[in-house]
Structure formats: C-alpha cells, structure tokens
1. What is the extension gain from ASP135 to PHE27, computed as 0.36 nm multiplied by their sequence separation minus the C-alpha to C-alpha distance, in nm to one decimal?
2. In square nanometres and to one decimal, what's the mean projected area of the convex hull around the Cα atoms of the range 1-65?
3. Which links in LYS75/LYS119; LYS75/LYS140; LYS38/LYS106 stretch past 27 Å when you go from one Cα to the other?
4. Please report the spacing between the Cα centers of the range 1-62 and the range 105-178 in Å, no decimals.
Amino acid sequence: MARRSKVDALPPAILDEFNARLIASGFSGYEGFAEWLKSMGYDISKSALHRHGSALEAEFDEAMADARRTRALAKAARQSGDENDDAMLSAASTIMQDNLLRVSLKLKSSSDDPADTAKTLSLISRAFADIGRLDIARQKWQAEVREKASSAAEEVEKIAKKGGLSPAAVNEIRSRILGIQN
C-alpha cells in the first residue's frame, strides 16, 4: 500500500489554511509554503506540496467548470423565457448528482480509514436521496402548475367566447396563459 502523503497528515485546520493560500496564490509559491509549514513544525518538501497542489488544482478547475456550466445553463434558461426555473433546477440537480458520484468513486479508491469512508458514503447516499426527493417535488410542482394553467385557460376561454371575442383572439389568450409559442 502506498505511503500516506505528509500533506494529508496535516491537521485539518492547517490543511484548510494551506489549501486556501494555495488557491489564492494561483497554485504557485511552493517554496514559500514549505517554509511557512516548516516554521510551524511541519517539514514537508516542496515536491510533496506541489503534488498535492496539482491534484487540488485539477479538482478546483473541475469545480469551477461545473459552476460555469451551471451559470451558462441558468442564463440560457432565462434567455429562452423559461421562467419557471425548471431547466435550471434540473441542470443543478444533474450537476450535483455528477459531483456526488465523483466523490463517492474517489472515496472507494482512497486509503482513508474505512469507518470514515463508510460515514462519508452514508452522507453521500443521503444527499442522493435528498436530490431525488427534490426532483420528485419539482416534477409534482410542474404538474400542478400545468394543471392550474390549463384550468385558468379554460375559464378564460369560456369568458372570452361569451364576450364575443374572435376564435383567433381566444386562441391567442389561451396560448399566452399556457406558455405555448406559435
């Protein structure tokens, strides 16, 4: 089994601080980070720090790409006139599921403590279930909105016909209520 990295053995607070500084520096300055850690009693080579930084940078780039895709999907949904946010919710749900799957696959191949891995996988499973419930609630909400819009369109159609509007005007009103573009 491979030796555990000295970087991964850092206390969580120091590792979090190192990661934050690493991101802020644009993933550069490893000699300075080695000196900073050495001043706190952690003798870690700049090569080990660079290996950790390269892996973190890849994860960071992937997370930022996901964020850009989500923003692009939201922007496209707004520009297409999808005002019920369904496209954005669906995209966010899909991205979240992809991320949870990625994390669970990494955990399976990690050499961390099996108890910690099991606990994390349990949390991931719970998150998958939460997303599933969100998706079901979203679909139920969509069906309710469609039903309400359809009922409203029928009522308006009856009133409009009684008022003597032309069939074309009635169809236009119905289309606008239902969100149908001709």
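1. Working: separation 108, 0.36 × 108 = 38.88 nm, distance 3.71 nm.
Here the answer is 35.2 nm.
2. Values: hull surface 18.7 nm².
Mean orientational projected area (the range 1-65, Cα hull): 4.7 nm².
3. LYS75/LYS119; LYS38/LYS106
4. Cα centroid of the range 1-62 versus Cα centroid of the range 105-178: 43 Å apart.
A short reminder: the numbers here are calculations on the coordinates, not readings from a lab. What you see is a predicted model; the values in this text were computed from it and never measured.
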